[in-house]
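Asker: Structure incoming, see below.
The values are calculated or read from the model by the stated rules, or taken from the named source; none is laboratory data. Treat the numbers as computed from the prediction; the structure is a model and nothing was measured. Neighbour counts run over all protein chains shown; Cβ positions are idealised from the backbone, glycine included. In case anyone asks, the SASA skips ligands and DNA or RNA and just uses the protein heavy atoms, side chains included. Shrake-Rupley method; radii C 1.70, N 1.55, O 1.52, S 1.80 Å.
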Amino acid sequence: MDKKLNVAVVGATGVVGSTFVKVLQEVKFPINNIYFFASAKSAGKKINFNGKTYEVEELTENSFDRDLDLALFSAGGDTSKKFAPIAASKGILVVDNSSAFRMDKEVALIVPEINSDDVKKYPSKIIANPNCSTIQSVLPLKVLDEKYKIKRIVYSTYQAVSGAGKKGLDDFERTMKGETPQCFAHPIFNNCLPHIDVFLDNGYTKEEEKMINETRKILGRGEDLKITATTVRVPVENSHSVSINLEFEKDFDLKQIYEDLKTVEGLVIMDDVKNNVYPIATKATGTDDVYVGRIRRDFSLPSGLNMWTVADNIRRGAASNAIFIARKYFGV
């Protein structure tokens, strides 16, 4: 496709929005015109893009009354619920980073390396970007599910403060100085908080429920795939880590598991424990790959496997994944 696209970035001044701006330039996304939208509070701010300065516009119901091909949304669920359908109704492809549409039966939920063809199965012009922890978890799971059929998944996450946006990063700095937290329920400095998003009546958090439901949708599985999750905020600035415990229906050869994972685009194996090589947050930050290591049998089960994944939650878990979706969709 040689055509250059007209693109809108919604929530352009936020942590993920500013990363949209950065990644679009890095990948040389073919842009004809670009527009930046945010709340009234951020309207008027300046953004430099490809050597030109643009003024951020206030997002309104008329913002999409112009020639646009693509709208990248990262402005929160309420904003997406109101404005994404308006954009989609005008024939604009919306890639939404919030949780607003992820479980909508008419909306595709995409990790482009493993299920980009799912877009054809859903009628909506809105495509949902999965939860950051879900993205890095399912990338290695798809090929394993196809070969060995996963019976059960146990997720334990170690999620960076940047996952809560600027407020989370500010709280990390604030509580490091001994000040009172304003974003998290307790000081995040020197603590691990088993509390991401709100608690539900069943005792799980909304973040844990997201991982469970999104995994099933992306893998094309139902409630026969048993999943549990515990999501934890940790005092790390950027990049999430996830411990994944799997039980398969079929037995496996561990060497073949490595070969299977090598076939997955965007997945990098870092697993040489004799030399202390395994994925860590500082290595993942600033990159778009998902790193996997500590791959080993779970000897408490007949067909159990453990692995550890790490990825930059702002890039791979949000902005870059959304842009990869758009590139696949438009063939650019």
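Asker: Only one of PHE299, PHE324 is assigned by the TED database to the domain that holds VAL16, surrounded by fewer than 24 Cβ atoms within 10 Å (Cβ to Cβ), out of contact with any Lys or Arg (no Cβ under 8 Å at 6 or more places or on another chain) and not basic (Lys, Arg); which?
Answerer: Exactly one of PHE299, PHE324 is assigned by the TED database to the domain that holds VAL16, surrounded by fewer than 24 Cβ atoms within 10 Å (Cβ to Cβ), out of contact with any Lys or Arg (no Cβ under 8 Å at 6 or more places or on another chain) and not basic (Lys, Arg), namely PHE324.
Asker: Same structure, new question: Please report, ordered by residue number, the strands (runs of 3 or more DSSP E) entirely within the range 1-111 with at least 2 residues that are open to solvent by 10 Å² or more (accessible area, probe 1.4 Å) and not aliphatic (A, V, I, L, M).
Answerer: Hits in the range 1-111: 31-38, 46-49, 52-55.
Asker: Among the hydrophobic types (A, V, I, L, M, F, W, C), in the same structural domain as GLU214 (by the TED database) and either at negative phi or under 16 Å from the mean Cα position of the chain (by Cα) (or both): does that describe LEU109?
Answerer: Spelling it out, it is not the case that LEU109 is among the hydrophobic types (A, V, I, L, M, F, W, C), in the same structural domain as GLU214 (by the TED database) and either at negative phi or under 16 Å from the mean Cα position of the chain (by Cα) (or both).
Asker: Check the range 243-262 and report whether any residue there is within 18 Å of VAL138 (Cβ to Cβ), open to solvent by 70 Å² or more (accessible area, probe 1.4 Å) and part of a helix (DSSP H, G or I).
Answerer: The answer is yes; a qualifying residue exists.
Asker: Being under 30 Å from GLU237 (Cβ atoms) and either free of Cβ contacts under 8 Å to residues at least 40 places away in the same chain or not assigned by the TED database to the domain that holds THR79 (or both): is that true of ALA12 here?
Answerer: It is false that ALA12 is under 30 Å from GLU237 (Cβ atoms) and either free of Cβ contacts under 8 Å to residues at least 40 places away in the same chain or not assigned by the TED database to the domain that holds THR79 (or both).
Asker: Moving to a separate point now. Take the range 160-190 and flag every residue that is hydrophobic (A, V, I, L, M, F, W, C), part of a loop (DSSP other than H, G, I, E, B) and in contact (Cβ under 8 Å) with a residue 24 or more places away in the chain.
Answerer: ALA160, PHE184, ILE188, PHE189
Asker: Please go through the range 120-143 and give me each residue that is part of a helix (DSSP H, G or I) and open to solvent by less than 10 Å² (accessible area, probe 1.4 Å), ordered by number.
Answerer: Within the range 120-143, SER133, THR134, ILE135, GLN136, SER137, VAL138, LEU139, PRO140, LEU141 qualify.
Asker: OK, next. Can you name every residue in the range 213-242 that is among the charged types (D, E, K, R) and open to solvent by less than 30 Å² (accessible area, probe 1.4 Å)?
Answerer: Matches in the range 213-242: GLU214, ARG233.
Asker: Let me confirm something: among LYS22, LYS3, LYS46, LYS90, which residue is without any contact (Cβ under 8 Å) to a residue 12 or more places away in the chain and either more than 18 Å from ALA318 (Cα to Cα) or among the charged types (D, E, K, R) (or both)?
Answerer: Step by step, each of LYS22, LYS3, LYS46, LYS90 is checked, and only LYS46 is without any contact (Cβ under 8 Å) to a residue 12 or more places away in the chain and either more than 18 Å from ALA318 (Cα to Cα) or among the charged types (D, E, K, R) (or both).
Asker: Looking only at the range 158-174, which residues are open to solvent by 10 Å² or more (accessible area, probe 1.4 Å) and either at pLDDT 95 or above or at negative phi (or both)?
Answerer: TYR158, GLY163, ALA164, LYS166, LYS167, LEU169, ASP170, PHE172, GLU173, ARG174
Asker: While we're here: Whether any residue in the range 194-212 is in contact with a helix residue (DSSP H, G or I) (Cβ under 6 Å, 6 or more places away or on another chain), open to solvent by less than 20 Å² (accessible area, probe 1.4 Å) and either in the same structural domain as THR13 (by the TED database) or not in a loop (DSSP other than H, G, I, E, B) (or both) is what I want to check.
Answerer: yes
Asker: Looking at (1) farther than 28 Å from PRO130 by Cβ; (2) in contact with a helix residue (DSSP H, G or I) (Cβ under 6 Å, 6 or more places away or on another chain), which is the one condition that is false for MET176?
Answerer: Of (1) farther than 28 Å from PRO130 by Cβ; (2) in contact with a helix residue (DSSP H, G or I) (Cβ under 6 Å, 6 or more places away or on another chain), only one is false for MET176: (2).
Asker: Quick check on this structure: which one of GLY286, GLY331 is under 28 Å from THR19 (Cα atoms), of a type outside the set (S, T, N, Q) and without any contact (Cβ under 8 Å) to a residue 40 or more places away in the chain?
Answerer: GLY286 is the lone residue from the list that is under 28 Å from THR19 (Cα atoms), of a type outside the set (S, T, N, Q) and without any contact (Cβ under 8 Å) to a residue 40 or more places away in the chain.
Asker: Pick from the range 119-138 the residues that are at pLDDT below 95 and out of contact with any Asp or Glu (no Cβ under 7 Å at 6 or more places or on another chain): which of them is nearest to SER80 (Cα to Cα)?
Answerer: Ranking the qualifying residues of the range 119-138, first place goes to VAL119.
Asker: Anything in the range 272-296 that is open to solvent by 10 Å² or more (accessible area, probe 1.4 Å) and part of a loop (DSSP other than H, G, I, E, B)? List them, or say none.
Answerer: Correct list: ASN276, TYR278, ILE280, THR285, GLY286, THR287, ASP288, ASP289.
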